[in-house]
Amino acid sequence: MQPLPGFRDFLPEDCAARNYIFARWRDVARRYGFVEWDGPVLEPTDLYRKKSGAEIVDQLFNFIDKGEREVSMRPELTPTLARVVAAHERAFKKPLKWFSIGQFFRYEKQQRGRLREHYQLNCDIIGESDFAADIELIALCIDILRGFGLTEKDFVVRISDREFWTDFLQQQKLPTERWEEVLQTLDKSGREPREKTEQKLGKLAGPVFSIFDKGGRSGKLDRLVDGLGARGLAGFVDVDVRIVRGLAYYTGTVFEVFDRVGKLRAIAGGGRYDNLIGQLSDGAVSMPALGFAVGDVVLGELIRERASTREQMELSLKEQNRIDIYVVIAKEQRRADALEQIQDLRDRGYRVDYPLTAEKVAKQFQNAENTGARIALLYGDEWPQVKVKNLATREESLVPSEALLDSVAKFFRVSDPV
Ligand code: HAM
């Protein structure tokens, strides 16, 4: 039996890599004062049909449940967030700064960097219309990626503004019901042949390509770049009006993050969606909002590609699965004594391993080396003394069993997890 296409098995090393990514995501989001929340992985299909836009609806993993409800595995978090905020906003002081880490499902065409499940960190600010929030959010997105050792040589945030395009469509006198379709075409234009975009745009093609070629100007985006410049982050951003974003609900600033070489799919994306909460609550609660999500798949590829970021991750993987102490049972008669002390050591927080059944002493020392243990404790003829071996220096000493805990503590720093 194979896993379904686009779904991953997470072997221990993959889980450790995932933990590494999640830990940094959490750490940096908290540095910005964001608090964690989560929603259900299954939602009514209508939530996405109404709010996410055509592209995502085509990609839903949806079915009818046993209560005849149309339901869908979540393809993204933003509609859920808008629903939850509309229902509970009175309970919180504004602005809300919320982050969430979870798994998402999209029935995508399989390609590099796009699977049918992936994890996202979502960070959103709700209840703040001031431009300061746009700058803060993009700074957070940059710092999330810098948290892995990535630099402005590795990635770029391309920022744009939906209003730039909606103003343009208004000038062109395009009826509003056609706006979403045109915005979707603009969003796809970077990934499709120019002729196809031209055909879809019809008479709009000329003016659109002229903007693409010349680069549109926007005072608002210049201010955004200045705001990031004041934090020393201007080198991480480019104004690029070709960024439109595929999701239907964006209303203002939008951005996407790409690798500098430009060979991978987007690493992150987000923007302002000032009308979504109002729409979802039928106007009962109206609140400006903005956010972004970064995925684990492309980010993981980027981390593995660069030697320094890969080494930083590998160090963490080793550390996560490392054992502190390996107990060598040289005489089976001592197994019960050893287990009593293993229990004490584990109670104190040490990571302790030992052979579950009788094994040759040499094999046990081999296991000790393989687990990365700092010390081995040998239970044998020396009992009631225990032989303590420093596995790095090979030094050995004999310690009375009742003094073992004190003796072991000397090998571990105060900051170690004891
Ligand atoms: P999105 O651009 O659809 O935005 O997804 C964000 C990121 O999730 C992408 O840049 C990519 O790294 C990752 N991602 C998306 N689909 C896949 C896939 N099939 N396989 C692997 N990675 C994927 C949103 O989802 C918005 N809801 C973000 C947002 C939050 N906007 C406001 N707040």
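The values are calculated or read from the model by the stated rules, or taken from the named source; none is laboratory data. No experiment lies behind these values; they were computed from the predicted model shown. Methodologically, a virtual Cβ is constructed for each residue, glycine included, from the backbone with ideal geometry; neighbour enumeration extends over all protein chains shown. Note: accessible area is taken over every heavy atom of the protein model, side chains too, but ligands, DNA and RNA are not part of it. Shrake-Rupley method; radii C 1.70, N 1.55, O 1.52, S 1.80 Å.
Points worth noting:
- Residue in the stretch 8-28 that is surrounded by 13 or more Cβ atoms within 10 Å (Cβ to Cβ) and assigned to a loop (DSSP other than H, G, I, E, B) present: yes
- Some residue of the stretch 46-62 being open to solvent by 60 Å² or more (accessible area, probe 1.4 Å), more than 30 Å from Leu186 (Cβ to Cβ) and not aromatic (Phe, Trp, Tyr): no
- Filtered residues of the stretch 309-323 (kept if open to solvent by 50 Å² or more (accessible area, probe 1.4 Å) and in contact (Cβ under 8 Å) with a residue 12 or more places away in the chain): Gln312, Lys318, Gln320, Asn321
- Here the condition is being closer than 30 Å to Ala23 by Cβ and among the aliphatic types (A, V, I, L, M); of Leu398, Leu405, it holds for Leu405 alone.
- Residues satisfying the stated conditions in the stretch 348-373, i.e. part of a loop (DSSP other than H, G, I, E, B), closer than 13 Å to Ile329 by Cβ and open to solvent by 50 Å² or more (accessible area, probe 1.4 Å): Leu356, Thr357, Ala358, Glu359, Lys360
- Taken over the stretch 132-142, residues that are open to solvent by less than 50 Å² (accessible area, probe 1.4 Å) and more than 14 Å from the chain's Cα centre (by Cα) amount to 7.
- Within the stretch 89-100, the set of residues being hydrophobic (A, V, I, L, M, F, W, C), in contact (Cβ under 8 Å) with a residue 12 or more places away in the chain and open to solvent by 20 Å² or more (accessible area, probe 1.4 Å) comprises just one member, Trp98.
- Of the set (1) away from the ligand (no atom under 16 Å from the Cβ); (2) without any contact (Cβ under 8 Å) to a residue 12 or more places away in the chain, all apply to Arg306 but (2).
- Residue pairs meeting the criteria (Cβ under 8 Å; at least 6 apart or on separate chains; first free of Cβ contacts under 8 Å to residues at least 12 places away in the same chain, in the stretch 246-258; second more than 8 Å from the ligand (Cβ to nearest atom) and of a type outside the set (A, V, I, L, M, F, W, C)): none
- Residue list for the stretch 170-189, filter: crowded, with 17+ Cβ neighbours inside 10 Å and either among the small types (Gly, Ala, Ser) or free of Cβ contacts under 8 Å to residues at least 24 places away in the same chain (or both): Val182, Thr185, Ser189
- Only listed residue being within 25 Å of Glu181 (Cα to Cα), more than 13 Å from the ligand (Cβ to nearest atom) and not aromatic (Phe, Trp, Tyr), chosen from Lys66, Lys50: Lys50
- Selection from the stretch 117-131 of residues that are open to solvent by 10 Å² or more (accessible area, probe 1.4 Å) and more than 7 Å from the ligand (Cβ to nearest atom): Tyr119, Gly127, Glu128, Ser129, Asp130, Phe131
- Breaking point among (1) surrounded by fewer than 21 Cβ atoms within 10 Å (Cβ to Cβ); (2) assigned to a strand (DSSP E or B), for Ala86: (2)
- Strands (runs of 3 or more DSSP E) within the stretch 221-301 that include 1 or more residues crowded, with 22+ Cβ neighbours inside 10 Å, within 14 Å of the ligand (Cβ to nearest atom) and over 19 Å from the mean Cα position of the chain (by Cα): 253-259, 268-272, 289-295
- Count of residues meeting criterion [more than 25 Å from Val297 (Cα to Cα), within 14 Å of the ligand (Cβ to nearest atom) and aliphatic (A, V, I, L, M)] in the stretch 83-111: 3
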